[in-house]
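Note sheet for the following structure.
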Amino acid sequence: METNKPDIRQLTEEALSAFFKEHGEQAFRGRQVYEWLWKKGSTSFEEMSNLSKETRKFLSENFSIPRLNIHSKQTSRDGTIKFTFKTHDGHLTESVLIPSGSRITACVSSQVGCKLNCTFCATGKIPFKRNLSQAEIFDQILTVKNKANKLYNLSLSNIVYMGMGEPLLNYGDVKASIKLIASEKSLGFSPRRVTLSTIGLPEKIKKLADDQITFNLAVSLHSAMDETRTRLIPINKQYNLESLKKALEYFNKNTGKRITFEYLMINGINDSIAEAKALAEYCKNFPVKINLIEYNTTGDPAFQKPDPQKLNEFKVFLESKNLVVNVRRSRGDDIDAACGQLSGRIK
Ligand code: SAH
């Protein structure tokens, strides 16, 4: 729904208070409205029950609350749920709720589409439209959080910025969204349970270190050999493994944080022992945890799932080098909700 009224969620709490004062109301109304917007996730002024009828009407005459609306919802046989949202300007974006045992993870998008064009990824095949705002990222998180409570009777335990898009190309809004949800005036969600996943943009990784982030960093490495990595991730030509390594060293030195490497296992492409050796060598420079992820097919015959035996040999080799390795199996792949399958396609 397009409207000409300004989006009230563009206003800080201070600006809301100032607005009320200007209009002869008490400033604490600002905090009340702020909490309706960012704690309770109000979709209309009508529901702001501690405000007078007149105030609610006045607000609705002056502002709008353009929220992400659920466009469709699909549930996988493994309990994973994919939400497709429609933005106020008509774009589709996606989030995934991933239950596993007593934990529930929300996987959220940071952009509509993606500019990176990684050859193996479905999101890269749809055109980039725009960045998502802090409020749009918040809406995804709040929706998944409420659904986790309602459908699984569990509180959201983790948030991963691993949906559509490259979060570090939307640095400001992504970082602001993590700060916002951490606030007690919002969801009070600890940044230690938030992970941002990036393709590995060196300058932005250094900025994360300078900004002393308290959330976790994961890097989609997928190969520690430049030739293979460039084949998978074109931007590796510009930011090669050496420049990424320098940035990660800087990050670790300045934050003391361990880095997670996501390593997609793709049949015959990056699953050899030579690749495992290069990876082990690359990991010597800072403390890491490696997540080996089985490739999810996206319809392109060039990229296939790994052979289970090869995956195991790869893992055993890394472990013989004293590296921490987890194997991640795909979730929600029957509804195209798995990593790399988010493309606005609704099954
Ligand atoms: N741009 C960021 C955030 C997206 S995260 C990043 O690259 O990290 C999405 C994760 O899913 C990335 O690790 C990506 O490499 C991985 N992925 C992409 N396509 C995949 C596929 N077909 N199967 C499994 N994982 C895939």
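The values are calculated or read from the model by the stated rules, or taken from the named source; none is laboratory data. All values derive from a computational prediction rather than experimental measurement. When we count neighbours, we look across all protein chains shown, and the Cβ atoms used for this are built from the backbone with ideal geometry, even at glycine. Side chains are part of the model used for accessible areas, which takes the heavy atoms of the whole protein and leaves out ligands, DNA and RNA. Shrake-Rupley method; radii C 1.70, N 1.55, O 1.52, S 1.80 Å.
Of the heavy-atom accessible surface of the chain (probe 1.4 angstrom), what whole percent is carbon and sulfur?
C and S atoms contribute 48 percent here.
Answer rounded, prolate or oblate for region 57-142, using the Cα gyration tensor with square roots of eigenvalues a ≥ b ≥ c: rounded when a/c is under 1.5, else prolate when a/b is larger than b/c, else oblate.
Note, shape of region 57-142 comes out oblate.
Using alpha-carbon positions, what is the distance between the centroids of region 178-197 and region 118-168, in Å?
Between the Cα centres of region 178-197 and region 118-168 lies a distance of 14 Å.
Which one of Thr105, Thr297, Thr43 has the biggest mean-square fluctuation once the chain is modelled by GNM with Cα springs under 10 Å?
Thr43
Around Ser243, with a cut-off of 15 angstrom between Cβ atoms, what is the net charge of the other residues, counting Lys and Arg +1 and Asp and Glu -1?
Spelling it out: positives minus negatives among the neighbours equals +3.
Beyond a 18 Å Cα-Cα separation, which of these cross-linked pairs lie in this structure: Lys206/Lys257; Lys175/Lys206; Lys284/Lys321; Lys53/Lys86?
Lys53/Lys86
With only alpha-carbon pairs counted, each pair once and no self-pairs, how large is the Kirkwood hydrodynamic radius of region 8-62 in angstroms?
Averaging 1/r across every pair of different Cα atoms and inverting gives 11.0 Å.
Using a 1.4 angstrom probe, figure out how much accessible area region 8-62 has per residue, in square angstrom, rounded to the nearest whole.
I get 56 Å² per residue for this part.
Counting helices only, and only those DSSP H runs with n ≥ 4, report the 222 nm mean residue ellipticity of the chain as the sum of -39,500 (n - 2.57) divided by its residues, in deg cm²/dmol to the nearest 500.
Only helices count here, giving -10500 deg cm²/dmol.
Based on the alpha-carbon gyration tensor of region 188-231 and its eigenvalue square roots a ≥ b ≥ c, which shape applies: rounded if a/c is under 1.5, prolate if not and a/b is larger than b/c, or oblate?
oblate
Given contacts defined as C-alpha pairs under 8 Å and at least six residues apart, what's the relative contact order of region 69-335, whole-number percent?
With pairs under 8 Å counted, the relative contact order is 15 percent.
At 1.4 Å probe size, with every protein chain present, just tell me what the per residue accessible area of region 69-335 comes to in Å².
Accessible area per residue, region 69-335: 42 Å².
What number, in nm² with one decimal, is the all-direction average of the projected area of the convex hull of the alpha-carbon atoms of the chain?
That works out to 18.0 nm².
Using only Cα atoms, tell me the angle between helix 134-152 and the longest principal axis of the chain; keep it within 0 to 90° and round to the nearest 10.
It is inclined by approximately 80 degrees.
Compute the helix-to-body angle for 171-182: its Cα long axis versus the longest principal axis of the chain, expressed 0 to 90° and rounded to tens.
Roughly 70 degrees between the two axes.
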